[in-house]
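Single-structure report; data block below.
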Amino acid sequence: MQVALCQMQVWQGQRETNWSTAEGMLEEAARAGAQVAVLPEMWTCGYDFARLDEHAETIDGPTRQRLAAAARSLGLWVVGGSWPLRDAEGVANASLTFAPDGQLRHVYRKVHLIGLMDEDKYLRAGCEAATFSLDAAEAAVMICYDLRFPELARRYAAAGAKVLFVPAEWPRQRAAHWRTLCVARAIENQAYVVAVNTVGYNDRDRFAGGSMVVDPWGETVAECNPQPGVVCVDIDLAKVDQVRTAMSVLRDVRPDVYGSGENHLGITTS
């Protein structure tokens, strides 16, 4: 399976500029032969909380419509990064995934909100985490700060996920943490981690890119430089089964000793 990392420079509050960039990157991914394209976190508007009411959309809003149309016309799976999604309970940092026929296949609302970015002041946290079927493999989405919480990734792996997609807007000053955590989540869950970061800056942070793919043995398959661009990577999903068979980490978990780590999260498949 070929996956395209769409490492964008996200311009804070500039929706049309960001949309033009994203559409161009999806087209480039399709031309390169990718089957899956992944966008970064909050790519439509960045962390422009001062105008959150303007940027937030309903689930049937224009970003869903445009991503669905792009997935359908390009024949791509699109893991749509994230954008502010409004419902009756408030606004969430949400990721929508579309199949190559344009159908919405998965919705994930960011579970862990980071106070350093004021998310907890403006957004509501999600409370569900479901895997979804990506062709023949189970996959899951985590968003940025979620990467710091191994319990979530482990629950996904326990539910059968072989690929963990991580859209992010991770700042440069914590870039070393980004790389370490991506590798750790891949090793401990014997899964592919496909992590897509932004580049550039906003009014409070700078972003260093470093989008990467880590295989289930913890080897870095690809790692991007600090420039915007599309990088296509082949991943071998059979390797997940090979590693899990060779080393029985997931079978050797001891919830009788230290708990299941479920907390309030309900894992389902879709």
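The values are calculated or read from the model by the stated rules, or taken from the named source; none is laboratory data. From a predicted model like this one, the values you see are computed outputs, not experimental measurements. Reconstructed Cβ throughout: ideal geometry from the backbone, glycine too, with neighbour counts over all protein chains shown.
Note on the range 62-83: residues that are part of a helix (DSSP H, G or I), within 17 Å of the chain's Cα centre (by Cα) and closer than 26 Å to residue 121 by Cβ amount to 2. Taken over the range 94-122, the residue count meeting the criterion of being over 14 Å from residue 168 (Cα atoms) and in a loop (DSSP other than H, G, I, E, B) is 6. Can you spot a residue in the range 171-180 that is under 14 Å from the mean Cα position of the chain (by Cα), within 29 Å of residue 12 (Cα to Cα) and part of a helix (DSSP H, G or I)? So far as the range 171-180 goes, yes, one or more of its residues are under 14 Å from the mean Cα position of the chain (by Cα), within 29 Å of residue 12 (Cα to Cα) and part of a helix (DSSP H, G or I). For the range 157-171, the tally of residues that are under 16 Å from residue 40 (Cβ atoms) and without any contact (Cβ under 8 Å) to a residue 40 or more places away in the chain stands at 3. In the set 138, 128, only one residue is touching a residue at least 60 places away in the same chain (Cβ under 8 Å) and closer than 20 Å to residue 42 by Cα; that residue is 128. Quick check on my filter: what residues within the range 233-248 are crowded, with 16+ Cβ neighbours inside 10 Å and out of contact with any helix residue (DSSP H, G or I) (no Cβ under 7 Å at 6 or more places or on another chain)? If the condition is that a residue be crowded, with 16+ Cβ neighbours inside 10 Å and out of contact with any helix residue (DSSP H, G or I) (no Cβ under 7 Å at 6 or more places or on another chain), then 233, 235, 237, 239, 240, 243 are the ones that fit.
Here 185, 251 are screened, and the one residue that is assigned to a helix (DSSP H, G or I), charged (D, E, K, R) and touching a helix residue (DSSP H, G or I) at 6+ places or on another chain (Cβ under 6 Å) is 185. If you go through the range 1-54 and keep only what is free of Cβ contacts under 8 Å to residues at least 60 places away in the same chain, touching a helix residue (DSSP H, G or I) at 6+ places or on another chain (Cβ under 8 Å) and among the β-branched types (Val, Ile, Thr), you end up with just 44.
Of these, 109, 204, 172, 105, which one is more than 17 Å from residue 6 (Cβ to Cβ) and in contact with a helix residue (DSSP H, G or I) (Cβ under 9 Å, 6 or more places away or on another chain)? Being more than 17 Å from residue 6 (Cβ to Cβ) and in contact with a helix residue (DSSP H, G or I) (Cβ under 9 Å, 6 or more places away or on another chain) holds for just one of 109, 204, 172, 105, which is 204. The listed residues are 189, 202, and the only one of them that is farther than 18 Å from residue 231 by Cβ and modelled with pLDDT under 95 turns out to be 202.
Looking at 165, 149, which is the one that is at pLDDT 95 or above and touching a His at 6+ places or on another chain (Cβ under 9 Å)?
On inspection, the qualifying residue turns out to be 149.
Number of residues in the range 197-219 that are touching a residue at least 24 places away in the same chain (Cβ under 8 Å), assigned to a strand (DSSP E or B) and either under 22 Å from residue 49 (Cα atoms) or out of contact with any strand residue (DSSP E or B) (no Cβ under 6 Å at 6 or more places or on another chain) (or both): the value is 5.
Listed here are the residues, each with its yes/no results for (1) of a type in the set (D, E, K, R); (2) in a strand (DSSP E or B); (3) modelled with pLDDT of 95 or more; (4) more than 22 Å from residue 224 (Cα to Cα).
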position	(1), (2), (3), (4)
27	yes, no, yes, no
30	no, no, yes, no
34	no, no, yes, no
46	no, no, yes, no
52	no, no, yes, yes
60	yes, no, yes, yes
85	no, yes, yes, yes
92	no, yes, yes, yes
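Cβ-Cβ distances below 6 Å connect the following pairs, each with a first residue in the range 61-86 that is surrounded by fewer than 20 Cβ atoms within 10 Å (Cβ to Cβ), a second residue that is of a type in the set (Val, Ile, Thr), and a separation of six or more residues or different chains: 86/58. Residues of the range 201-232 that are closer than 26 Å to residue 119 by Cα and among the aromatic types (Phe, Trp, Tyr): 201, 207. Of the residues 222, 176, 139, 159, the single one that is over 30 Å from residue 57 (Cβ atoms) and in contact with a strand residue (DSSP E or B) (Cβ under 9 Å, 6 or more places away or on another chain) is 222.
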